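The values are calculated or read from the model by the stated rules, or taken from the named source; none is laboratory data. Note that this is a predicted model, so its numbers are computed, not measured. Every residue, glycine as well, gets a Cβ built from its backbone with ideal geometry; the counts of neighbours run over all protein chains shown. Areas reflect the complete protein model, heavy atoms only, side chains present, ligands, DNA and RNA absent. Shrake-Rupley method; radii C 1.70, N 1.55, O 1.52, S 1.80 Å.
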Amino acid sequence: MLLRKINLTNFFAVLLIGGLGLGIVSNVIFPKNPKLSYLVLAVAALLWFIKPYFKRFADRLSPRTMKWAFVGSMGAILVIQLLILHFLPATVYHDPYRVLNQAELLSRGHLDWTRSIYFYRSPNNVPLAILMSYWIKLFALVHISTFVAVHLLSLLLLDGFIALIISLVRQFTTRNGSALATMVFFVFSSFAYTYYLQVFYSDLPILLTLALVFYTLAHWPHMTTLKKTLMGVAIFLAVMLGQIVKPNLIVLAVAIVIVGIWLFIRQRSQFVKLLVPFILMLGGFAASVPVTHAMETADHFSVSTKYQIPTMHWIEMGYNPNSYGRINGADVKKLDALPTKAARQSYLNKALPARLKKLGIFGIVKQWGVKLGILLNVGNVQSAYTGGFIQAPASYQKVEAPIKTMSSALMRASIILLYVEVLFSSVALIRRQASMPNTAFVLALVTAVGYLAFHTLMWETESRYGQALMPMLFLLSTIDRPAIKSLTPKTTRFRVFNTVAFLFVVAAAYVTSPLYLIDHSQLVTGQLSQLSIQYRAKLTAVAPHKDLTQEIKLNHAATHLIVSTAPKTHLTGQLTNLSTHHAYQLTAGPKSLLIHRVLAKGKYLIKISNNTAATQKLQVSKMYDYKLAPYPIKLNQRLHPTWSLIYQAGRTVKI
C-alpha cells in the first residue's frame with residue numbers, strides 16, 4: 001500500500017525546511033533597512049557565538065536551580081508587564097478596538113450591532129466580541145473596570161502560554177541549555193511586552209490553544225485517569241473556543257486526521273493510545289458550529305447579505321501581487337461598491353481566475369514565496385494594531401526609538417536562531433540521525449506545515465498569522481540531534497576568529513551605509529481607536545455655533561498634530577497652549593484638522609468649532625467604561641471621560 005511506503009516525517013520535514021529557509025532570509029532582509037539588517041546579523045552572530053558557553057553554564061545548574069529560574073523568569077515577566085501597562089499603555093486601533101468596543105456595549109446589555117457595518121462585513125469576529133462581553137460583564141459585577149478586565153485576560157492567556165512553552169521545552173530536552181534559553185528569550189525579547197500584552201485579539205487565544213494541545217498530547221500516555229479527564233475537558237473546550245474565535249485553527253483538525261490515518265496504518269498501538277484526545281479535539285471543532293450559532297442568536301446578531309463579503313475575497317487578495325498577498329484596499333473598495341453578497345460572489349468568480357491567469361505559473365510561485373516570507377517574518381509583529389503609546393513619559397520618549405530598534409533586532413535574531421534549530425532538527429530527521437520522541441512531535445510538524453500551506457497557497461497573509469507556529473517550533477526545536485560537525489569549530493580560537501571576522505565585515509557594511517538606522521515618525525501623544533468611516537461608523541453632531549474640546553499633554557516636543565474629523569464637514573480647529581495661552585489655528589484637510597510646526601512640550605487644548613448655521617458631524621470614539629485617553633471630551637457643557645477625539649501628535653526620529 002502506498003501509504004505504508006511514504007515516510008510522513010520526511011515529507012513534511014522537507015516542506016518545513018524550505019519554509020524556514022525563506023523565513024530566515026526574510027527576517028534578515030525585511031523590513032527593508034540595510035543598517036537594521038546588519039544589526040540583526042550582528043546580534044544573531046553574537047548569540048550563536050555565546051551559545052556553547054551558555055549551554056555549558058546551564059548544564060551545571062541543578063534541577064532545583066532550574067526550577068527557581070523558571071519561577072524567577074515568570075515573576076520578572078509579570079513585573080515588567082504590569083509596569084508597562086501602568087506607564088506605557090498603547091493606543092489600539094482597527095479590528096481589536098472594534099471588537100473591544102462592541103464587547104463593552106454588549107456587556108452593558110445593549111445588543112446593538114449597528115454602530116457600524118464592521119461586524120456585517122467581518123462576522124468571524126462576532127463570537128470573539130460576545131465572549132469578551134461575558135468576561136467584561138463578569139468583572140463589572142464586582143466593579144472592576146473594562147481596562148483591568150481585558151488586560152487581566154491578556155496576562156492570563158499570554159503568561160499561561162509562556163509557562164506552557166517553557167514547561168514543554170524543559171520536559172523534552174536532556175540538557176538545561178534549551179530550557180534556560182527559552183526563559184531568557186521570553187524575559188528579554190519584546191514578545192511578552194508588546195502586541196500580545198497591549199492588544200487583546202484572536203491571535204493570543206490560538207497560541208494558548210495550540211500550546212495546551214501539544215502539552216496534553218506529549219504527556220497523555222503518562223497521565224493518570226484523573227489528569228486525563230481534566231486535560232481532556234480542557235482541550236475539548238480550548239479547541240472549541242479556539243475555532244470559534246479563529247477559524248483558521250481548522251488546520252489543526254486536518255493535521256489530526258492526517259496523523260490519525262497514518263497512525264492507524266503504521267502504528268496501531270499509538271493510534272489507540274491517542275484516540276481519545278483526537279476524538280475530543282475533533283469533537284471540539286464540531287461543537288464550535290452550534291455553539292457559535294447559539295451565541296449569535298442569544299446576542300441578536302444575524303448575518304446581512306447586503307454587507308457580507310464572500311470567503312473567496314480573502315483568497316483573491318492572497319494573489320494580489322501589489323500588496324504581496326496581504327489585505328488590499330483597492331480589492332476591498334471594489335467589493336464595497338457592489339450591492340449584495342451575490343453580486344460580490346459573481347464578481348469574484350471571474351476576478352480570481354483572471355488574476356491567476358495574469359500571474360501565470362511563475363508569478364503564482366513567486367507570490368507563494370513572498371507570502372511565505374511575510375508569514376514567517378517578525379519584524380513588525382510586535383507593533384501590530386498599535387499606533388504607539390498614548391502618553392509615554394518624557395524620559396522614555398528620549399530612548400524609545402533605540403529601544404524599539406534594538407528589541408526588534410533581538411526578536412528577529414532570536415527567531416532566526418529558532419528557525420535554524422528547527423531546520424537542523426528537520427535535516428536530522430531526514431538523515432535518520434534523530435527521531436520523534438512521541439506522536440505530539442509528528443502532529444506539531446504536520447500542523448506547522450499546514451499553517452504555512454494554508455496562508456501561502458490559499459488565504460491572504462500577515463506576519464501575525466505566522467506566530468501560530470511558535471508552539472510547534474519550540475516543541476520541534478527540542479528534538480535531540482547530533483551536532484553538525486561542519487558548523488562546530490575545532491578550537492575556541494578558530495570560533496573567536498570566525499565571529500570577529502564576520503562582525504568586522506558587518507560593522508564595515510553598517511558604517512559605510514549612507515542610510516539612517518532609524519528614520520520614522522514617533523508618536524508623542526495620541527488616541528487612534530476608532531470604528532472608522534469606511535465601516536460607516538456613526539458620527540457625533542456638533543450643533544451650530546457650538547464647540548467640542550479636549551486636552552492633550554505633550555511630554556516631548558512634537559512637530560505635527562492631526563485631528564480626524566469626517567469627509568465634507570465644515571469645522572474649524574484651534575490648538576491652545578495652556579501655559580502660554582498662545583493659540584494656533586488648525587488647517588482643514590479632506591478628513592482632518594492639522595498643524596505642522598514645532599509644538600513645545602506641555603498641556604494643550606484642542607477646540608473644534610462649528611461656526612456654520614447647520615449641524616456638523618465628526619468622528620468621536622466612545623466607550624462606556626474604558627478610558628481611551630487621559631483627558632475627557634467636553635461637549636454641550638458636559639464632560640465625557642470615556643469619549644475621545646481621534647488625534648496624533650508626533651515627531652520624526654532619525655539616528
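Collect the residues in segment 23-45 that are modelled with pLDDT of 95 or more and open to solvent by 70 Å² or more (accessible area, probe 1.4 Å), keeping them in residue-number order.
Val25
Among what's in segment 424-449 and is open to solvent by 10 Å² or more (accessible area, probe 1.4 Å) and free of Cβ contacts under 8 Å to residues at least 60 places away in the same chain, pick the residue that is farthest from Ala218 (Cα to Cα).
Filtering first and then ranking leaves Arg431.
Mind telling me which of the residues Ser73, Ser107, Ser62 ends up being open to solvent by less than 30 Å² (accessible area, probe 1.4 Å), more than 30 Å from Gln527 (Cα to Cα) and of a type in the set (S, T, N, Q)? Spell out the reasoning first.
Numbers: Ser107 fails: more than 30 Å from Gln527 (Cα to Cα); Ser62 fails: open to solvent by less than 30 Å² (accessible area, probe 1.4 Å).
The match here is Ser73.
Could you list, in sequence order, the residues of segment 353-388 that are open to solvent by 30 Å² or more (accessible area, probe 1.4 Å) and either within 21 Å of His94 (Cβ to Cβ) or of a type in the set (Asp, Glu) (or both)?
Asn380, Ser383, Tyr385
So which of Ala218, Ala163 is small (Gly, Ala, Ser) and modelled with pLDDT of 95 or more?
Details: Ala218 fails: modelled with pLDDT of 95 or more.
Just one listed residue meets the conditions, Ala163.
What about Trp135, is it touching a His at 6+ places or on another chain (Cβ under 9 Å), assigned by the TED database to the domain that holds Val213 and either assigned to a helix (DSSP H, G or I) or over 14 Å from Tyr624 (Cβ atoms) (or both)?
On the way: touching a His at 6+ places or on another chain (Cβ under 9 Å): no; assigned by the TED database to the domain that holds Val213: yes; either assigned to a helix (DSSP H, G or I) or over 14 Å from Tyr624 (Cβ atoms) (or both): yes.
The answer is no for Trp135.
Being of a type in the set (Val, Ile, Thr) and open to solvent by 30 Å² or more (accessible area, probe 1.4 Å) is the filter here, so list the residues in segment 120-165 that pass it.
Filtering segment 120-165 for residues of a type in the set (Val, Ile, Thr) gives 126, 130, 136, 142, 144, 146, 148, 150, 162, 165.
Within segment 120-165, Val142, Ile144, Val148 qualify.
Under the condition of being under 14 Å from the mean Cα position of the chain (by Cα) and not charged (D, E, K, R), which residue from segment 79-96 is most open to solvent (accessible area, probe 1.4 Å)?
The extreme case among them is His94.
Given the condition more than 29 Å from Asp95 (Cα to Cα), of a type in the set (S, T, N, Q) and without any contact (Cβ under 8 Å) to a residue 40 or more places away in the chain, answer yes or no: does some residue in segment 583-595 qualify? Reasoning before the result, please.
Here is the first cut: in segment 583-595, the ones more than 29 Å from Asp95 (Cα to Cα) are 583-587.
Remaining after also requiring of a type in the set (S, T, N, Q): 585, 587.
Adding the requirement that they be without any contact (Cβ under 8 Å) to a residue 40 or more places away in the chain leaves 585, 587.
Yes: one or more hits.
Would you confirm whether any residue within segment 71-80 is of a type in the set (Ser, Thr, Tyr), in contact (Cβ under 8 Å) with a residue 12 or more places away in the chain and touching a Leu at 6+ places or on another chain (Cβ under 7 Å)?
Checked against the condition, which is being of a type in the set (Ser, Thr, Tyr), in contact (Cβ under 8 Å) with a residue 12 or more places away in the chain and touching a Leu at 6+ places or on another chain (Cβ under 7 Å), segment 71-80 yields no hits at all.
So for segment 222-240 (the condition being open to solvent by less than 40 Å² (accessible area, probe 1.4 Å) and in contact (Cβ under 8 Å) with a residue 60 or more places away in the chain), does at least one residue qualify?
Within segment 222-240 (the criterion being open to solvent by less than 40 Å² (accessible area, probe 1.4 Å) and in contact (Cβ under 8 Å) with a residue 60 or more places away in the chain), the answer is no, since none of the residues qualifies.
Considering segment 516-550 alone, what residues qualify as being more than 26 Å from Leu105 (Cβ to Cβ) and assigned to a strand (DSSP E or B)?
Selection gives Asp519, His520, Ser521, Gln522, Leu523, Val524, Thr525, Asp547.
Would you say Val99 is closer than 23 Å to Leu476 by Cβ and either β-branched (Val, Ile, Thr) or not in a helix (DSSP H, G or I) (or both)?
On the way: closer than 23 Å to Leu476 by Cβ: no; either β-branched (Val, Ile, Thr) or not in a helix (DSSP H, G or I) (or both): yes.
The answer is no for Val99.
I want to confirm something. Restricting to segment 166-181 and keeping residues that are assigned to a helix (DSSP H, G or I) and open to solvent by 10 Å² or more (accessible area, probe 1.4 Å), which single residue is farthest from Ala103 (Cα to Cα)? Before the answer, list the steps.
Let us first name the residues in segment 166-181 that are assigned to a helix (DSSP H, G or I), namely 166-172, 176-181.
Still in the list and also open to solvent by 10 Å² or more (accessible area, probe 1.4 Å): 167, 170-172, 176, 178, 180-181.
On the way: Ser167: 33, Arg170: 38, Gln171: 38, Phe172: 40, Asn176: 43, Ser178: 40, Leu180: 39, Ala181: 38 Å.
Going through the qualifying residues, I end up with Asn176.
Go through segment 509-546 and give me each residue that's crowded, with 17+ Cβ neighbours inside 10 Å, over 30 Å from Pro34 (Cβ atoms) and in contact with a Leu (Cβ under 8 Å, 6 or more places away or on another chain).
Correct list: Thr525, Gln527, Ser529, Ala537, Thr540, Val542.
Can you tell me which of Val259, Val276, Val251 is under 19 Å from the mean Cα position of the chain (by Cα), assigned by the TED database to the domain that holds Met295 and part of a helix (DSSP H, G or I)? Let's see the steps before the verdict.
Working: Val259 fails: under 19 Å from the mean Cα position of the chain (by Cα); Val276 fails: under 19 Å from the mean Cα position of the chain (by Cα).
Within the list Val259, Val276, Val251, the selection yields Val251.
Quick test for you: out of Thr499, Thr576, Thr478, pick the one residue that is of a type in the set (Ser, Thr, Tyr) and out of contact with any helix residue (DSSP H, G or I) (no Cβ under 7 Å at 6 or more places or on another chain). Spell out the reasoning first.
Details: Thr499 fails: out of contact with any helix residue (DSSP H, G or I) (no Cβ under 7 Å at 6 or more places or on another chain); Thr478 fails: out of contact with any helix residue (DSSP H, G or I) (no Cβ under 7 Å at 6 or more places or on another chain).
Matching residue, one of Thr499, Thr576, Thr478: Thr576.
Does segment 32-44 include one or more residues that are within 25 Å of Ser167 (Cβ to Cβ) and in contact (Cβ under 8 Å) with a residue 40 or more places away in the chain?
Initially, segment 32-44 is screened for residues within 25 Å of Ser167 (Cβ to Cβ), giving none.
No - not one qualifying residue is present in segment 32-44.
Quick check on my filter: what residues within segment 110-119 are surrounded by 18 or more Cβ atoms within 10 Å (Cβ to Cβ), farther than 16 Å from Ser202 by Cβ and not aliphatic (A, V, I, L, M)?
Of the residues in segment 110-119, the ones surrounded by 18 or more Cβ atoms within 10 Å (Cβ to Cβ) are 113, 115-119.
Still in the running and farther than 16 Å from Ser202 by Cβ: 113, 115-117.
Across segment 110-119, the qualifying residues are Trp113, Arg115, Ser116.
Residues in segment 307-351 that are in a helix (DSSP H, G or I) and of a type in the set (Val, Ile, Thr): how many? Can you show your working first?
Step one: of segment 307-351, the residues in a helix (DSSP H, G or I) are 312-318, 321-323, 329-336, 341-351.
Next, only the ones that are of a type in the set (Val, Ile, Thr) stay: 315, 332.
Residues flagged as in a helix (DSSP H, G or I) and of a type in the set (Val, Ile, Thr) within segment 307-351 amount to 2.
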